[in-house]
Amino acid sequence: MAEIGKVLLLAGDGIGPEVMTEVRRVMSWFEKRRNLGFALEEDLVGGAAYDRHEVPVTDATMDKAGQADAVLFGAVGGPKYDDLPFQLKPERGLLRLRKDLGLFANLRPAIVFGPLADASSLKRELVEDLDIMILRELTGGIYFGQPRGIETLPDGQRRGINTQVYTTEEITRIARVGFELARKRRGRVTSVEKANVMEAGILWREEVTKLHGAEYGDVSLDHMYADNCCMQLIRQPKQFDVIVTDNLFGDILSDAAAQLTGSLGMLPSASLGAADANGRRKAMYEPVHGSAPDIAGQGIANPLAMIQSFGMMLRYSFDRDADADLLDRAIGDTLAGGLRTADIMQSGMERVSTQAMGEAIVNALERAHNQ
Ligand code: IPM
Ligand code: MG
């Protein structure tokens, strides 16, 4: 059996290992039935890495991640680590992976599977068939800007500082990804910032407009302030196609978009770097939901965001669109069949565990494959 690529699995903390077990079940099916093998390596990240090595990610793990074709990432964090110094917190492991691998483009698709339209907190007609893409800049902005820190002033007060900073190059490379994505979708980009109060937002708007005029006249572009975008996402989400925005606004808007789909447990993501000479990009795939310590260890987490993240890996790292389509179909069929994890449970449906959901996806894959 030919292996088509090298994948590093970083399950992390909380529900990370539970949902990772289910995605591995799905990967084994693809290996057996679709001849899609990966050379797999496993390693620790976040609190799990801290417990063993006293850092949230080791240099050795970073090397492995740099050499892999793709990283599949679970989740990090938990109350046990709340009192650690800032640099040792589990989240720093994730942020180092994003930054050091140069994964500047974070794709967060918010898709409502038909059978889940009633699981959204919005009315069915507002979210039915929703398909939007939030494109979040992931290696710049206030998450990484200097100066930053907490300092003590001469009068004894303390002051916390973070800096929102973007350069022309950082803005144009993410905007370019947005325009390219829109060309393959419905041809519309909404660029989101706070140009009414922030200089970094004014520059963002000017650079996006300039690139649009120079190269992407075929794509429609509009601009929106981040607060208005938040409101519009909840008022009329189907007005959007691709939303391109900075690191912090993207973090916030993608949580809002997740809830439109019924649950944070349904949202996958892909984080991509720049293409090299061979067109290959460094890439990491992770569910948007986080480690959910409140439900960890109970076997009730929804594995579908993690499984869909593997689907994005098939599409964006390995060009296996037919296999990714098959997986999407298996997920749709399973939901249509009435199976629900706790987070998307509705009356009249059958509540299942994390493992039962993973097994059901494999069964649905088998059926779809044989058709
Ligand atoms: C996300 C998460 C992370 C972020 C945390 C865990 C550092 O909320 O991926 O959306 O803020 O980027
Ligand atoms: Mg977030």
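Since every read-out is calculated from the coordinates, none of them should be taken as a lab result. Just so it is clear, the model here is predicted, and its values are computed rather than measured. With ideal geometry, Cβ positions are generated from the backbone for all residues, glycine too; neighbour counts draw on all protein chains shown.
Overview of results
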quantity: Distance (nanometres) between label positions extended 7 Å along Cα→Cβ at R235 and A275; calculated: 3.8 nm
quantity: Placed amide H near L9: partners under 5 Å, 5+ positions off or other chain; calculated: E41, E42, D43, L72
quantity: Fully extended contour minus Cα-Cα distance, from K184 to D131, at 0.36 nm per residue; calculated: 17.8 nm
quantity: Per-residue [θ]222 nm for the chain (sum of -39500 (n - 2.57) over DSSP H runs n ≥ 4, rounded to 500); calculated: -13000 deg cm²/dmol
quantity: Ranked by how many other beta carbons lie within 10 Å on average, peptides 345-352, 15-22 from highest; calculated: 15-22, 345-352
quantity: Residues whose placed amide H lies under 5 Å from that of A296, excluding near-sequence neighbours; calculated: none
quantity: Packing rank of 221-234, 179-192, where each peptide gets the mean count of other beta carbons within 10 Å, highest leading; calculated: 179-192, 221-234
quantity: Sites R124 and I161 - FRET efficiency at Förster radius 51 Å, r taken between beta-carbons, to 0.05; calculated: 0.65
quantity: Listed peptides 133-142, 54-63 by packing density, highest first (mean Cβ within 10 Å); calculated: 133-142, 54-63
quantity: Region 121-261 - share of DSSP beta bridges that are antiparallel (%, nearest 5); calculated: 20 percent
quantity: Distance between modelled label sites at E31 and T152, nm, 7 Å Cα→Cβ extension; calculated: 5.5 nm
quantity: Pairwise FRET efficiency - Q355 versus L248, Cβ, R0 = 45 Å, nearest 0.05; calculated: 0.80
quantity: Whole-Å distance, taken between Cα centres, linking region 62-114 and region 118-151; calculated: 15 Å
